[in-house]
1. Keeping every protein chain present and rolling a 1.4 Å probe, give me the accessible area per residue for the chain in Å².
2. Could you tell me what percent of the accessible area of the chain is made up of carbon and sulfur, with a 1.4 Å probe and every protein chain present?
3. Could I have the simple spin-label model distance between ASN56 and ASP18, label points 7 Å from Cα toward Cβ, reported in nm to one decimal?
4. Over the chain, what portion of Cα pair distances is larger than 13 Å, expressed as a whole percent?
5. Is it possible to state the helix-based mean residue ellipticity at 222 nm for the chain, with each DSSP H run of 4+ residues giving -39500 (n - 2.57), the sum divided by total residues, to the nearest 500 deg cm²/dmol? What is it?
Amino acid sequence: MDYWRPSCQISRMGHIRDQDVRNIMQVSGDILQSVETKRLIWYGHLQRMSADRWPNKVFNWTPPEKREDEGQ
């Protein structure tokens, strides 16, 4: 909402509900829903990539064994 309110020139002091701001800006859903959708789209894209591409290598990377705590 920190993005939408200034975009339609409504301050927090105006006491306009978030749902009303979404209606003014003609936005359906909320930002969390949008982020989740984008993450799922990226995951599908990643799964279709060949195994030798860097994004796929980084995603499928498993760190080596957990090292011992040296500070104790």
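1. Heavy-atom SASA per residue in the chain reads 98 Å².
2. 53 percent
3. Label at ASN56, label at ASP18, 3.8 nm between them.
4. 76 percent
5. Estimated from H runs of four or more residues: -14500 deg cm²/dmol.
The values are calculated or read from the model by the stated rules, or taken from the named source; none is laboratory data. Given the structure is predicted, the values throughout are model-derived calculations rather than measurements. A quick note on method: Cβ atoms are made from the backbone with ideal geometry, for glycine too, and the neighbour counts reach across all protein chains shown. The protein model used for the area step is the full one, side chains on, heavy atoms only, and it has no ligands, DNA or RNA in it. Shrake-Rupley method; radii C 1.70, N 1.55, O 1.52, S 1.80 Å.
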